[in-house]
Structures are given as structure tokens and as C-alpha cells.
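Novice: Okay, here's the structure, questions in a sec.
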């Protein structure tokens, strides 16, 4: 299940992509840092919405973002690859750009991230659903916020209250629940299990970051 072969990239596949700060240091210090990181995501997934690219952009919608969460010292993405283009192309642009921004802003040098981002192929539907819930509950299970839906830097609030500015495609998750309340119940249950360390699928247990 925990397939970390970065060369195995195929269209229509879903991947869990994550990384954290070098030596577990914070990679987001101010609200503008989160905003800049999200901007780089949008610019690289939806390049047709922007003009004057400094480098040739990736094909528009080469990837779909299913869910995400930016935590103070790490991030999680659930991404779908739509074209014959590996996620490393996307992540390299985002990580490099953000590292340059962060180092310049805070007058620092050296690696911002711990190492190369982790990419794991999502090989079954159970993992897909658990991963979505785990990502959305991450701020609550980490005791950063009381209610996961109130966290500004994850896709959960957009999932619960979709609008035209959503950057995520939630359809693969939403279509598997009868209604929104059923998904909320599921994510809450996953959050409790993760926080208490009970009945966690091995694939998720190995990915819990601090």
C-alpha cells in the first residue's frame, strides 16, 4: 500500500503528497505565508487564469486538488494526476518558489523542507476516504483548533460550504456519501480514532506527522 515509487505516475491516479519543515521547524509563520503557498498552488494548477508567467506554465488542470491542509510545520495534499505529467513537476515548482519566498522574507539560508516531498499512491477507496477525513481533521487532532471546519488553511470549510472560488474538486469524495452530514460524521469519527490512536489503518498510522 505504501508505494513511494516516484517513477510510478499514471493519469487518473490519486496521490497523498506531504512534507514538513527541516528539523520539524515551522514553515508558515504568518497568514501571508499560507496565502502565498496557496497562491502558488492555484497558479500552477490553473495557469490559464494568470498572465505573464515567468516560466512556461504547466498544462491547465494537469492536476486536480481533492483536499489539502497547511499546518504550521507541514502540509498534506490529496491530488489527482490528470495527464501524463508526474506530480513531481507540480511540487518542484511550488516548493522551490515557496522556499525562495520564505528565505528572502525571513533572511535565512538553507533547506526549508526536511527532504524531498513524500508521494504515496492511493491504491484503494478506503484509503482515499480515510485520507480525506484525516487531512480535514488534522488541525483538530493536533489541538490547534477546536472545530476543524473553522481552520482557515484547509479545504474542509470549502467542502462544507462550496462556492465558485473553490480550488478543490471534491466530487470523488462527496459522491460516496448520501449527504453532507454523513461526511461530517465520518470525518469526526476518523478524527476521534486518530486522536485516541484506535483502529487506525496502517497506511494512515505511518503518515501521522507532528
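Novice: Name the residue, out of 138, 166, that is at pLDDT below 90 and under 14 Å from residue 68 (Cβ atoms).
Specialist: 166
Novice: Any residue at all in region 172-193 that is under 21 Å from residue 80 (Cβ atoms), within 16 Å of the chain's Cα centre (by Cα) and surrounded by fewer than 18 Cβ atoms within 10 Å (Cβ to Cβ)?
Specialist: yes
Novice: Right, residue 185: assigned to a helix (DSSP H, G or I) and at pLDDT 95 or above or not?
Specialist: Answer is yes for this residue.
Novice: Just checking, which of 50, 28 is touching a helix residue (DSSP H, G or I) at 6+ places or on another chain (Cβ under 6 Å), surrounded by fewer than 20 Cβ atoms within 10 Å (Cβ to Cβ) and over 30 Å from residue 182 (Cβ atoms)?
Specialist: The conditions single out 50.
Novice: All but one of (1) under 20 Å from residue 41 (Cβ atoms); (2) outside any helix (DSSP H, G or I); (3) out of contact with any helix residue (DSSP H, G or I) (no Cβ under 7 Å at 6 or more places or on another chain) hold for residue 89, so report the exception by its number.
Specialist: In the conditions (1) under 20 Å from residue 41 (Cβ atoms); (2) outside any helix (DSSP H, G or I); (3) out of contact with any helix residue (DSSP H, G or I) (no Cβ under 7 Å at 6 or more places or on another chain), residue 89 misses (2) alone.
Novice: Going by the structure shown, is residue 27 touching a strand residue (DSSP E or B) at 6+ places or on another chain (Cβ under 7 Å) and assigned to a loop (DSSP other than H, G, I, E, B)?
Specialist: When the stated conditions are applied, residue 27 passes them.
Residue by residue, here is whether (1) over 18 Å from residue 122 (Cβ atoms); (2) under 14 Å from the mean Cα position of the chain (by Cα) holds:
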| position | (1), (2) |
| --- | --- |
| 16 | no, yes |
| 25 | yes, no |
| 34 | yes, yes |
| 37 | yes, yes |
| 56 | yes, no |
| 67 | no, yes |
| 78 | no, yes |
| 86 | no, no |
| 91 | no, yes |
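The values are calculated or read from the model by the stated rules, or taken from the named source; none is laboratory data. Predicted model only: the values in this text are computed from it and were never measured. With ideal geometry, Cβ positions are generated from the backbone for all residues, glycine too; neighbour counts draw on all protein chains shown.
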